[in-house]
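Down below is the structure, laid out as C-alpha cells.
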Amino acid sequence: MALDDRLDSQGATAFLTACFSLARSPVHTATWAALALEALEATYGERPRLAAPTLVLDLTVLLQGERLAPVHPSAPLPVREALRAYEDHVLARLTADRRWTRVSDGVVAAPREHKAAAIAMVVTQVLSRLGAEGGTGVSQAVVRKLASLPTAELLEQGRLALEAPEQAARVAEGLHVLAKAARRARDVLSDAEVFVVENIGALKTLSARVALTQLATAAQLVEERLPRRLRGHVFEDGDAPTSLEEDSAYPVGGFSSIATSGTLENLVTSELIYMDDDGAPRPDLFDVRFVEGELLYYARDESVAVRKRRRVVLVFDSSLSAARVLDPKATFQRLVWLLGAMTALVRKMSEWFDTEALTFELVFVKGKDAPLAEELGVASLVLREFHERGQVDLREAESTAQACREARETWRQRARVIVFGARFPQGLDETNQPDAVVSLKSGRPDVAWRAGPVPVPDDTAGAADVWAVLAKALLEGLLAPSRRKEPGRSPAR
C-alpha cells in the first residue's frame with residue numbers, strides 16, 4: 001500500500017467514507033455534512049492528493065465556531081492512536097494559534113457560496129506550510145457522489161471500510177503524516193490565510209487567491225526579519241490636528257486651572273459648602289457667590305492636540321512588469337517580493353509611529369496597457385485595513401515624472417518620494433527628483449539615495465533576507481536626517 005496511490009471509484013469511496021467516520025461529530029449531522037463534502041470537493045480541486053481528508057471535514061465545523069472535543073470512533077487501535085496524535089499536534093495547534101480567531105471570523109462572515117472555497121483555501125495553505133505534500137488521489141466525481149448519500153449510510157460504509165486492514169493502515173498513515181509535519185513546523189497559520197479569507201468574496205479565481213497569498217506570505221517573511229526599532233532622527237512635515245472619534249468628547253488637555261466661570265458639571269465640589277439646608281431662608285451664601293460670579297470652576301485646556309505629520313510616497317514605474325520573473329532559489333516572483341517588502345515597510349512604520357499622523361501614498365504608473373493593474377488590486381486588498389483608517393492611499397498616474405511632480409507640488413520638498421523600476425524613469429529633473437530610486441534590473445535590488453548608494457546584501461543571502469535588507473535600508477533612509485534633499489545631487493542611474 002502506497003500513500004501516493006490514485007484510487008479507483010470503489011477504493012476512493014471506501015477511503016473517503018472511512019475518513020468521514022473519523023471526523024468531528026457535528027460533521028455527521030445534516031447541518032454540516034453537505035458543506036463539509038462541498039469543501040472537500042473544492043480542496044481536491046486545488047490539491048489532487050490529500051494525505052488525510054479528515055482535516056477538511058474537521059476544519060469545516062471548527063472554523064464555524066464548533067468546540068474542539070476528542071472523538072472516540074469505533075476503529076482499530078492504530079487508527080485511534082493516529083487520530084489522537086493528529087488531534088494533539090494539528091487541530092490543537094491550529095485552534096490555539098493567535099490568528100485562528102480572525103480566520104474563523106472570516107469564514108463565518110463569508111457568503112454561503114464562498115464558504116467551501118474559503119475552507120479549501122485554509123486547508124491548502126496549512127498543508128503547504130506543514131510541507132505535507134502528496135497523499136491519496138481521489139476524483140472529485142466520487143466526492144459529489146457521496147454528497148448525494150444519506151449521512152447514516154456514509155457512516156456505516158466508513159465503519160465497514162475501517163475493518164479492512166489495508167484501508168485502516170492508509171487512513172492511519174495519512175493522519176501520522178500530518179502529525180509529524182505539524183511537529184516540525186514553526187507556524188501552522190500565517191497572515192496569508194487571514195487576508196485571503198477576509199477577501200474571499202473579491203477573489204473570484206484561483207490565480208487571484210494565489211497572488212494574494214504569495215504577497216501576504218512574502219510580507220510576513222520580510223517583516224519577521226526587520227528589527228523591532230531603528231534608532232535615529234526622523235523627518236516630519238509639520239503638525240496635524242488630532243481627530244476625536246466623538247464630537248462630544250472633552251478636549252484632550254484635561255483640567256488646567258481654576259476659574260470663576262464655567263459649567264455646572266465643572267463646579268469645584270467644595271463650593272457646595274456654602275449652600276444652606278432645605279427650608280432655610282434664601283438667598284444663601286451660595287446664591288450670593290453665584291450672582292456675584294465668585295463660584296470656582298475647573299477650567300479645561302481647550303487647545304487642539306497635534307501630531308507630527310509624515311508622508312511617504314512610493315511610486316511603482318510601469319517598467320516593473322519586467323520584474324515578473326522567478327529568480328533562482330526564490331519562491332516568489334521578483335515583483336511579488338517587492339510588494340511584500342513595501343507592505344512590511346508600511347506595517348512597521350505604522351507600528352512605530354502609531355501616535356503620529358503618518359500617511360502613505362502608493363502610486364502605480366499606468367504606462368501602456370496598464371501593466372500593473374493586477375498588482376494595484378492585490379495591494380489594495382492587503383493594505384485594506386490601513387486604507388480604511390486613512391493611512392494609505394492607492395492610485396494610478398500617467399507617468400513616473402507626473403507622480404513625483406504631484407507629490408512635490410502637494411507636499412513640497414518635505415514628502416519622501418521613492419521610485420521603483422526595472423529601468424531609470426524618464427522625465428525626472430530637479431523639480432520632481434525623488435529621494436531614492438530602487439532598481440530591480442537584477443535579482444538584487446539596488447537602492448540609490450540622493451545622499452549616496454546603499455550596500456546590497458551578499459550573494460549567499462536568501463530571497464527573504466535580500467528583500468528584508470532592502471526594506472531596512474529604506475527604513476533607515478526615511479528615518480535618517482542625512483537623507484534629506486540636497487540640491488545638485490541625483491540618484492545614481
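Some points to look at:
- Based on C-alpha pairs under 8 angstrom that are at least 6 apart in sequence, the chain has a relative contact order of 14 percent.
- Label-reachable residues, the stretch 191-216, where backbone N falls under 13 Å from a point 7 Å from Ser128's Cα toward its Cβ: 191-197, 206-216
- With R₀ set to 35 Å, the beta-carbon distance separating Lys308 from Arg225 gives a calculated FRET efficiency near 0.80.
- With the largest listed first and rounded to whole Å, the semi-axes of the equivalent ellipsoid of the stretch 9-201 from the Cα gyration tensor are 24, 19, 15.
- The listed peptides 288-299, 415-426, ordered by packing as a protection proxy, come out as 415-426, 288-299 (highest mean of other Cβ atoms within 10 Å first).
- Under 5 Å, built H, 5+ apart or other chain: amide partners of Val417: Val313, Asp435, Ala436
- Database remark: amide H of Arg24 closer than 5 angstrom to the amide H of Asp58 (H placed geometrically; neighbours at sequence offset of 5 or more, or on other chains; Pro and chain starts carry no H).
- Beta bridges per DSSP, both residues in the chain: antiparallel share near 40 percent.
- Virtual spin-label span in nm between Arg112 and Val210, 7 Å along Cα→Cβ: 3.1 nm
- Modelled FRET efficiency - R0 51 Å, Asp5 with Ala322, Cβ distances, 0.05 increments: 0.75
- Directionally averaged shadow of the stretch 179-227, computed from the convex hull of its alpha-carbon atoms, nm²: 4.4 nm²
- Calculated FRET efficiency, Arg184 to Lys329, Cβ-Cβ distance, R0 = 25 Å: about 0.75 to the nearest 0.05.
- Sorted on the mean count of surrounding Cβ atoms within 10 Å across their residues, most packed first, peptides 222-229, 121-128, 194-201, 338-345 read 338-345, 121-128, 194-201, 222-229.
- Protection proxy ranking, highest mean first, for peptides 96-104, 273-281, 256-264: 96-104, 256-264, 273-281, where packing is the per-residue count of other beta-carbon atoms within 10 Å, averaged.
- At the listed q of 0.31, 0.33 Å⁻¹, the Debye profile of the stretch 255-300, built from one uniform point per Cα, gives log10 I(q)/I(0) equal to -1.14, -1.21.
- Karplus (6.51, -1.76, 1.60) ³J(HN,Hα), θ = phi - 60°, over the stretch 405-416, in Hz, Gly and Pro reported as x: 5, 5, 5, 5, 5, 7, 10, 6, 8, 8, 6, 8
- Difference of contour (0.36 nm per residue) and Cα-Cα distance, Leu285 to Asp465: 57.2 nm
- Cα centroid separation, the stretch 401-454 to the stretch 47-106: 49 Å.
- The stretch 334-343 - phi-based ³J(HN,Hα) in whole Hz, Karplus 6.51/-1.76/1.60, Gly and Pro as x: 4, 5, 5, 4, 4, 5, x, 5, 6, 5
- In this simple spin-label approximation, Glu409 and Asp354 carry label points 7 Å from Cα along the Cα→Cβ vector, and these lie 3.8 nm apart.
- The chain gives an Rg/Rh value of 1.14, both radii derived from C-alpha positions and Rh following Kirkwood.
- Karplus-based coupling profile of the stretch 168-182, in residue order and whole Hz: 5, 5, 5, 5, 5, 5, x, 5, 5, 4, 5, 5, 5, 5, 5, with θ = phi - 60° in 6.51 cos²θ - 1.76 cosθ + 1.60 and x standing for Gly or Pro.
- Spin-label pair Ala373-Arg395: with each label point 7 Å from Cα along the Cα-Cβ axis, the two points sit 2.0 nm from one another.
- Near Leu296, the amide H atoms lying under 5 Å from its own belong to Val268; only residues 5 or more places off or on other chains count, and H is placed 1.01 Å from N.
None of the figures in this text is laboratory data; all of them are computed from the coordinates on show. Model, not experiment: these values are computed from the prediction. Cβ sites come from the backbone with ideal geometry, for glycine too, and all protein chains shown count toward neighbours.
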